[in-house]
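The values are calculated or read from the model by the stated rules, or taken from the named source; none is laboratory data. Just so you know, these numbers come straight off a predicted model, no measurement behind them. Cβ sites come from the backbone with ideal geometry, for glycine too, and all protein chains shown count toward neighbours. These area figures cover heavy atoms from the full protein model, side chains too; ligands, DNA and RNA do not enter into them. Shrake-Rupley method; radii C 1.70, N 1.55, O 1.52, S 1.80 Å.
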Amino acid sequence: TDEGARIYAQAQEIAVGMDSLLRTAREQREEMAEVVVSAPPLVAKGLLMPHFAAFTRRHANIRLVLQSDAQISNLHARQADIALRIVRPTQNGLVALRLRPIRFRFYARANYLKNRPRAEQAFLCLNIAGAHGLWQAEQLAGRKIILACNDFDVIKAAVAAETGIGLLPDFYVRPADGFVQVAPNGAAQPEEFAADLYLVMHEDLRRSAKIRAVADFLGEVLAERAG
């Protein structure tokens with residue numbers, strides 16, 4: 001019947017349309033280049049992600065696979081193409097580009113400092129070893145520590161709640177937070193610990209266009225000159 005023919009024709013049109021959509025989606029997937037970037041959680045969340053929208057606008061055909069970790073070994077195992085690291089690697093075959101220093105300082109709410117005598121002030125510190133840990137231990141010698149963790153969001157929330165004085169990286173603190181710098185050891189001028197951020201990759205991967213594109217973007221937005 002005419003009605004049956006019409007329904008059949010509509011079904012054919014829908015089938016053709018679905019096939020076209022599936023083919024387009026498949027072609028788009030095939031065109032996407034994938035680059036794996038490994039970064040410590042604080043760098044991935046606090047420094048890299050604020051620029052992610054700009055990255056997707058510039059490189060629409062590059063899929064960024066972000067591994068939030070602090071190990072350098074995955075570069076040698078080729079589990080990552082690029083790594084962002086706070087410690088300069090010394091392994092052979094790796095190229096490291098210094099991007100910017102990350103400065104760690106102690107912060108508190110002004111009301112907390114005003115309402116707590118120095119002897120009663122408590123501290124929120126980073127659970128870390130190495131040079132950073134030694135500096136922190138020197139700063140907090142003899143002081144009361146009520147929290148040690150590796151999550152700066154937790155420390156910042158505790159500072160905002162006027163629970164104590166916390167150690168935070170510079171890019172985690174904004175003027176709107178209303179935090180003030182503190183010298184835990186009573187020094188006239190608050191001190192800081194600076195650690196350089198490096199972009200690291202294998203020497204033989206620098207010729208890859210997709211990896212070079214990601215590395216150039218990260219160097220542009222994360223370098224010290226970019227603020």
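Some points to look at:
- A137/V65 FRET efficiency (R0 41 Å; Cβ-Cβ; nearest 0.05): 0.65
- Rolling a 1.4 Å probe over the heavy atoms of the protein chains gives the stretch 80-134 an accessible area of 51 Å² per residue.
- Computed in the context of the full set of protein chains, the accessible area of the stretch 92-227 at 1.4 Å probe radius has 49% of its extent on carbon or sulfur.
- Taking 0.36 nm per residue of separation and subtracting the current Cα-Cα distance, fully stretching the chain between Q79 and I128 would add 15.1 nm.
- For N185 and N92, the FRET efficiency from 1/(1 + (r/R0)^6), where r spans their Cβ atoms and R0 equals 35 Å, is about 0.30.
- Net charge of Cβ neighbours under 11 Å - reference D170; Lys, Arg +1; Asp, Glu -1: +3
- For the stretch 51-189: rounded, prolate or oblate by the Cα gyration tensor [a/c cutoff 1.5]: prolate
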